[in-house]
Each structure stands twice: as C-alpha cells, then as structure tokens.
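What follows is a set of notes on a single structure, which appears directly below.
The values are calculated or read from the model by the stated rules, or taken from the named source; none is laboratory data. These numbers come from a predicted model, not from an experiment. Heads up, the Cβs are rebuilt from the backbone with ideal geometry, glycines too, and the neighbour counts pull from every protein chain shown. To get the accessible areas, we keep the full protein, side chains included, count just its heavy atoms, and leave off ligands, DNA and RNA. Shrake-Rupley method; radii C 1.70, N 1.55, O 1.52, S 1.80 Å.
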Amino acid sequence: MIRLFRTFIAVLAASSLQSNAADAQERYEGPIIDMHMHAYPPDIFGSPVPNPISGLGSTEVTEEEIRQGTLEQMRRHKIVLAVLSGPPEVVARWKERAPGLFLTSPHFPRWSPLTDIDEMRGQYEAGVFEAMGEISSQYSGMEPADKRLEPYVALAEELGIPFGLHVGLSGRGVALTEHPDYRIGNGRPLLLEPLIIRHPDLRLYVMHAGWPFLDEMKAILWSYPHVYVDISPLSWFIPTKEFHTYLRALVEAGFDKQIMFGSDQMIWPDAIGLAIEAVQEADYLTHEQKADIFYNNAARFLELSGAEITTHKEITRQ
Ligand SMILES: [Zn+2]
C-alpha cells in the first residue's frame, strides 16, 4: 500500500513538474507595453552611427529609417503602447506619425534643459506629453532625490503622471569619457527613499531596475509595493546570464507584479526583438509571469481602462 502511495505521489510530482516546465516554455502571444523607448536623432551617439548590436560597426541611418524600423518591430512583436522620450522635436514627429501608440515625455535634463515648470504644466495639460521619463538626472551628477528635480516630481505627483527615473547603469567608462558627471554611486536604489517619502502618491518606476544593486532594489520594492521597475536594457546590454540571474532573483523574491518590460530602444530597432526574446526564453517564468511582465503590470501601473485593455487584446488576436 505504502509503495503504491509513493508511486502515485511520484507520478503526481512528475506531471506537475512537466506541466510547470511546459507552462514556462509556453511563449507569451498577447499584447506588450514597452515602458522604455526613445526617439533620438540618428547622430545622438556620434556619426557614423555605432551599432553595438549588429556588430556591423558604424552605419549611416536616417531618423525615418530608425522610426520605420521601430514601428516594424512594434508591429511584429505586438507592442501596442510605449513610453517614448527624447528631444521634444523628435518625439513630436514620432507621435504625429504614429498617433495612439506612444505616451510621450520630455527627456531631461540629459537631452533638454530643465523646462520652466509652468510651461511644462501647460504642455501636460495640453496633452503634448502624457508621461515623465526617462528622467536622466543621474547623468548630471544628481542623486534621485536631488531637490533640483522637486518641482517636476511635485508636478508629476499632482497630475498623476507616470514618472520614470534612470537609476543604475550606463555605458562602460562613460564617467571618464562622454558623461563626466555620471556616477554609478548615484544609481543606488536606497537613495530613492527620501523622494518616495516626500511624494507618497508619485507613480514612480525605477528604470533599469537599479542594476546591479539587487539587495537595495529588493528593499525598495518590498517596502514600497506601489513602486515598479522596468528591466530595460538589461536583456540585451549586459551578459544574458547576468540578466536572468537578476530578473530571477527579483521574481523569486516575490516582485513579479512590480516588474515591467522595457527595451530602451535608442537608435537600434533590433534591440526590441532581442529584449523580448530574452524574456520569452526565461524558463523560470510561468506563462502568467510573462503576461504580467509584458503587459498586465504596465496596464495596471498606467491605469489603463478596461476598454483600452480589451482593444489591446483584440488587436493581438487579429
Ligand atoms: Zn533609456
């Protein structure tokens, strides 16, 4: 009898393992929201344009080609919405060419000066912008809670605007080359705490998930469950093994409802496909966790309406 019982348990365990494995292998086919995308002029990193992805070295591309390449990736991968930031004039052109696809934002202070706060309020109230981020204050030597950002943070909190802050990595060696004020030490997630305490209603998301400061990121996500992260560009910019180690650690610590997909597409549209495949191949994620990371968490964070969500799901069923 005991042996029979043991056999039954073993079969049960094996089948649930099989179903979990099958579930983890299952690709997510629904809509995707990209919480971190840029509209940049092609020569933003110099000309000819370096291409760290194709490895093809430098090429000449136009803004139109980058935009078309990005829109093609969005169509192919069912990206139904993206938070888009960059120099305002470039962002405006992308929005005009693809209405309804982007929540746009200025990208300050790295690519545009700190705008007059009343002028910025006017832009949000007029619908010129719908999000605030990427805020790249770390490139200007600022900590996340730097008081110079206070008027913008207060505006975002007051108007209920999603606020995305660059926290963490940049390119290697940039503090000694093109970004002399950038400090990785200003990208520690615990430095966010004064900002969160001062602005408890701020809809804050931590861009780049505060990599590589895993413990500090866990501390913030645990202590402030309303704070989310985006995982850009970890899935294509750092070694893939390290990306999975980091994402898995956040998921196993119970933060799978606070993690949002982001590509950090800059001037290399192929980064989008790479970023998505890296999450699709994560065999430690259940299908539901993939759905949460690709869509559900961002839809909740952005407070999308039931009608918007239904439309998105219908689009991807076609
Ligand atoms: Zn970015």
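Annotations
- Per the listing Gly262, Gly273, the residue uniquely within 16 Å of the ligand (Cβ to nearest atom) and in contact (Cβ under 8 Å) with a residue 40 or more places away in the chain is Gly262.
- Flag for Leu190 being under 20 Å from Gln258 (Cβ atoms) and within 16 Å of the ligand (Cβ to nearest atom): no
- Count of region 211-243 residues, restricted to those that are within 17 Å of Gly171 (Cβ to Cβ), touching a Gly at 6+ places or on another chain (Cβ under 8 Å) and within 16 Å of the ligand (Cβ to nearest atom), is 3.
- Residue match in region 168-176 (condition: at pLDDT 95 or above, more than 14 Å from the ligand (Cβ to nearest atom) and open to solvent by less than 10 Å² (accessible area, probe 1.4 Å)): no
- Scan region 103-133 for residues that are open to solvent by 10 Å² or more (accessible area, probe 1.4 Å) and on the phi < 0 side of the Ramachandran plot and the total you get is 21.
- Tally of residues being open to solvent by 10 Å² or more (accessible area, probe 1.4 Å), at pLDDT 95 or above and not in a helix (DSSP H, G or I) across region 284-318: 6
- All strands (runs of 3 or more DSSP E) inside region 75-142 with 1 or more residues being away from the ligand (no atom under 15 Å from the Cβ): 79-86
- Qualifying residue in region 193-212 (condition: at positive phi and surrounded by fewer than 16 Cβ atoms within 10 Å (Cβ to Cβ)): no
- The set of residues in region 265-294 being in contact with a Phe, Trp or Tyr (Cβ under 7 Å, 6 or more places away or on another chain) and under 20 Å from Gln68 (Cα atoms) consists of Met266, Ile267, Ala271, Leu274, Ala275.
- Residues that are away from the ligand (no atom under 16 Å from the Cβ) and either over 22 Å from Glu303 (Cα atoms) or touching a Pro at 6+ places or on another chain (Cβ under 8 Å) (or both), drawn from region 199-210: Arg203
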